[in-house]
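What follows is calculated from the coordinates using simple rules that are stated; it is not laboratory data. The model shown is predicted, which means the values in this text are computed figures rather than measured ones. We place every Cβ from the backbone using ideal geometry, glycine too, and count neighbours over all the protein chains shown.
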Amino acid sequence: MSTYEKYFDEFERLFFANCAIAVLVQSCVGGIAAMAILENGNSIINMVQLFVVVMMSVGFNGSILSQQKPKTIYNLLLASIMVNLILAIVNFAL
């Protein structure tokens, strides 16, 4: 069993509790990424990065509200957190 499958099984086992925690964590990470981007100014590149952060966050939150399958929600959670963390780290490093 891979690490991905192990954590997905745990996510699915306590699905509703994990969704609530995931919304909080993902929204905080998205907010930190947005803050990091906006600290570097408001150029077109920064606005494109901000658009990506907002779309990833809204996509994940929308998947929960529209009651998608647990695997879809989990994959969007991972994608959203990874993209937001990468953008936050890059913009804090500048």
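Quick test for you: out of F60, F16, pick the one residue that is under 30 Å from E5 (Cα atoms), out of contact with any strand residue (DSSP E or B) (no Cβ under 6 Å at 6 or more places or on another chain), among the aromatic types (F, W, Y) and without any contact (Cβ under 8 Å) to a residue 24 or more places away in the chain.
Only one candidate passes the filter, namely F16.
Got at least one residue in segment 83-94 being closer than 21 Å to Y4 by Cα, in contact (Cβ under 8 Å) with a residue 12 or more places away in the chain and among the small types (G, A, S)?
Within segment 83-94, none of the residues are closer than 21 Å to Y4 by Cα, in contact (Cβ under 8 Å) with a residue 12 or more places away in the chain and among the small types (G, A, S).
More than 26 Å from E5 (Cβ to Cβ) and of a type outside the set (A, V, I, L, M, F, W, C): does that describe G31?
In short, yes.
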